[in-house]
Amino acid sequence: MGAETPLRVFCDANMLFSASKLRSAIRRLVQALIKRKAAVASRYAIVEAEANLRAKQPDWLPHWPKLRGRFRVHDARAEIRVRGLPEKDLPIVQAAVLATATHLLTGDQKHFGSLMGKSVRSVKVVSPRMLAMELEAMGWTV
């Protein structure tokens, strides 16, 4: 992350979902990104996160609107294919690439596990732990 490449982290739906839980480690991580204006999402990810909150954790919903409103939203599609990635996850990768994200933050080991630590068109796919370690190495408090 040189001075010429500002940090820009695209958060997928499961990160948005997890960040909706007060006092969670994921929330602290995402809040650190938001505070530094480094958090990006897409409407696709936001809609999926909200649907999952309604279905699985409706008690977290009161905190959702404020959190949702703090992301820079990037909506764009491109014909980007990633071998082994389910069709439903392609809009996440596409939006991250077109948002010129430096990282795609996901906890989805099932679908993104083989991509962890690797880059898709210059977007590094990372888990929350991987990103937290990178941020701490940069001097961030997470």
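Hey, can you tell me all the residues within the stretch 37-60 that are in contact (Cβ under 8 Å) with a residue 40 or more places away in the chain, over 14 Å from Ser18 (Cβ atoms) and in contact with a Lys or Arg (Cβ under 8 Å, 6 or more places away or on another chain)? The one that is in contact (Cβ under 8 Å) with a residue 40 or more places away in the chain, over 14 Å from Ser18 (Cβ atoms) and in contact with a Lys or Arg (Cβ under 8 Å, 6 or more places away or on another chain): Val40. Lys124 satisfies every condition listed in (1) of a type in the set (D, E, K, R); (2) crowded, with 19+ Cβ neighbours inside 10 Å; (3) within 16 Å of Ser42 (Cβ to Cβ) except (3). Selection of first residues in the stretch 126-142 that are more than 16 Å from Ser24 (Cα to Cα) and of second residues that are basic (Lys, Arg) and modelled with pLDDT of 90 or more, restricted to Cβ pairs under 9 Å at least 6 apart or on distinct chains, gives the following pairs, ordered by first then second residue: Met130/Lys124; Glu134/Lys124; Trp140/Arg36.
Would you mind finding the one in Leu85, Leu90, Leu115 that is without any contact (Cβ under 8 Å) to a residue 12 or more places away in the chain, of a type in the set (A, V, I, L, M, F, W, C) and on the phi < 0 side of the Ramachandran plot?
Working: Leu85 fails: without any contact (Cβ under 8 Å) to a residue 12 or more places away in the chain; Leu115 fails: without any contact (Cβ under 8 Å) to a residue 12 or more places away in the chain.
Unique residue meeting the criteria: Leu90.
Counting only helices (runs of 4 or more DSSP H) wholly contained in the stretch 1-116, the ones carrying 2 or more residues that are surrounded by 15 or more Cβ atoms within 10 Å (Cβ to Cβ) and of a type in the set (Val, Ile, Thr) occupy 25-35, 90-98.
Can you pull out the residues in the stretch 117-132 that are part of a loop (DSSP other than H, G, I, E, B) and over 13 Å from the mean Cα position of the chain (by Cα)? Hits for the stretch 117-132 are Gly117, Lys118, Arg121, Ser122. Right, Leu135: part of a helix (DSSP H, G or I) and under 13 Å from Ala19 (Cβ atoms) or not? Answer is no for this residue. Could you check, for the stretch 9-26, whether at least one of its residues is free of Cβ contacts under 8 Å to residues at least 12 places away in the same chain and under 29 Å from Glu136 (Cα atoms)? Yes.
The values are calculated or read from the model by the stated rules, or taken from the named source; none is laboratory data. Since the model is a prediction, treat every value here as computed from it, not as a measurement. Note that each Cβ is placed from the backbone with ideal geometry, even for glycine, and that neighbours are counted across all protein chains shown.
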